[in-house]
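Each remark here refers to the structure printed beneath this line.
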Amino acid sequence: MILSFTAEQAQREIAQLSDLLIDAVDSGASVGFMPPLARAEAEAYWQSVIDAMREGSRVLLAAMEEGIVQGSVQLQLEMRANGNHRAEAMKLFVHRRARRRGIARALMHEAESHAGNLGRSLLLLDTRKGGDAHRLCEALGYISFGEVPGYARSADGRLHTTVFFYKQLL
């Protein structure tokens, strides 16, 4: 089940969300953090997400199974008047224990639906070239509009190309 968390729900589940982020980083996901990710850093990150949720600029969608967070994705809502038709899908995580079951795809479908319901007609995202997320974006009909070589560093220190995508929702 995919839920749109309130800030209060996210605060209650901050330990599980932190576990999810730590698992993503430990498994090599290119999500802005380097392993090993300390719990305090993971919790501080989620607190910043919760603060943005309270401000109204961020949406957190979580895949839940029997009370356990299995995955999440966020929508960063552009708040300026000339861009309030768009959002960025970011930080798509699925815990290793729940991968290969369609959760990432379900989270992205819900992100698109939620963005559309908020009047957002354009969804942007970026990911490391050649990875599972890159293939998922293409399978979901996202259009690549550019690549930047050496954009993100992996845990082993290598620099990777990032691909930028968009999708018209409405």
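The values are calculated or read from the model by the stated rules, or taken from the named source; none is laboratory data. Just so we're clear, the structure is a prediction, and the values are computed from it rather than from any experiment. For neighbour counting, all protein chains shown are included, and Cβ atoms are generated from backbone atoms with ideal geometry for every residue, glycine included.
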Just to be sure before I move on: is residue 151 of a type in the set (Phe, Trp, Tyr), more than 26 Å from residue 19 (Cβ to Cβ) and more than 17 Å from the chain's Cα centre (by Cα) in the structure I sent? yes
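Can you tell me which residue in the stretch 136-167 is surrounded by the fewest Cβ atoms within 10 Å (Cβ to Cβ), limited to those that are of a type in the set (D, E, K, R) and in contact (Cβ under 8 Å) with a residue 24 or more places away in the chain? Steps first, please.
First, pick out the residues of the stretch 136-167 that are of a type in the set (D, E, K, R): 138, 147, 153, 156, 158, 167.
Pick out the ones that are also in contact (Cβ under 8 Å) with a residue 24 or more places away in the chain and you get 153, 167.
Numbers: 153: 12, 167: 18.
The residue in question is 153.
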Failed item, numbered, when residue 28 is tested on (1) modelled with pLDDT under 95; (2) buried (at least 16 other Cβ atoms within 10 Å of the Cβ); (3) not aliphatic (A, V, I, L, M): (2)
Are any residues in the stretch 74-103 touching a strand residue (DSSP E or B) at 6+ places or on another chain (Cβ under 7 Å), within 18 Å of residue 121 (Cα to Cα) and of a type outside the set (D, E, K, R), and if so, which ones? 74, 75, 76, 77, 85, 87, 89, 90
Any idea which residue in the stretch 93-120 is nearest to residue 75 (Cα to Cα), counting only those that are part of a loop (DSSP other than H, G, I, E, B) and without any contact (Cβ under 8 Å) to a residue 12 or more places away in the chain? 102
